[in-house]
Amino acid sequence: MKFKTIDEVIQRSNSSKYALASGVMTNSIDNALTFANGLRQGTVWINCYNAISPNLPYGGFKESGIGRELGYEGLLNYIETKTITIKRPNSSHP
């Protein structure tokens, strides 16, 4: 889509109810970072698209999915943390 300013592109993208991923092709890293930081998207690719790595979280914002898969964040749905504290009899330590 044609645009006049980066702010216009960010506004257009953020007005969508979907927010799984976006991508931008540019020679300007400053423009790319302005774009990426301004978006409310789960993933932003710069000068590539659909580059998914199993060690990085993947998931959307808004109505584009619930939670994350892959990466550390993706594992959090599968764990339950438990704390057990024992005080030994006749001990001054907890």
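Bear in mind these aren't lab numbers, they're just calculated from the coordinates by the rules spelled out. Not measured: the values here are computed from a predicted model. Positions of Cβ are generated from backbone atoms using ideal geometry, with glycine treated the same way; all protein chains shown enter the neighbour counts.
Among the residues of the stretch 2-35, write down those that are surrounded by fewer than 11 Cβ atoms within 10 Å (Cβ to Cβ), over 17 Å from W45 (Cα atoms) and over 19 Å from the mean Cα position of the chain (by Cα).
Selection gives K2, K4, T5.
Pairs please, first residue from the stretch 1-14 and in a helix (DSSP H, G or I), second anywhere and among the hydrophobic types (A, V, I, L, M, F, W, C), Cβ atoms under 7 Å, 6+ apart in sequence or on different chains.
From residues that are in a helix (DSSP H, G or I), the pairs are I6/F35; V9/F3; V9/F35; I10/F35; I10/L39; S13/L39; N14/L39.
When the residues of the stretch 36-53 are narrowed to those that are in contact with a Phe, Trp or Tyr (Cβ under 8 Å, 6 or more places away or on another chain) and closer than 15 Å to N14 by Cβ, which ends up surrounded by the fewest Cβ atoms within 10 Å (Cβ to Cβ)?
Only one residue tops the list, namely R40.
If you check A51 against the conditions, is it outside any loop (DSSP other than H, G, I, E, B) and not acidic (D, E)?
no
Could you list, in sequence order, all residues of the stretch 54-78 that are surrounded by fewer than 17 Cβ atoms within 10 Å (Cβ to Cβ), within 13 Å of the chain's Cα centre (by Cα), in contact (Cβ under 8 Å) with a residue 24 or more places away in the chain and part of a loop (DSSP other than H, G, I, E, B)?
The answer is S64, G65.
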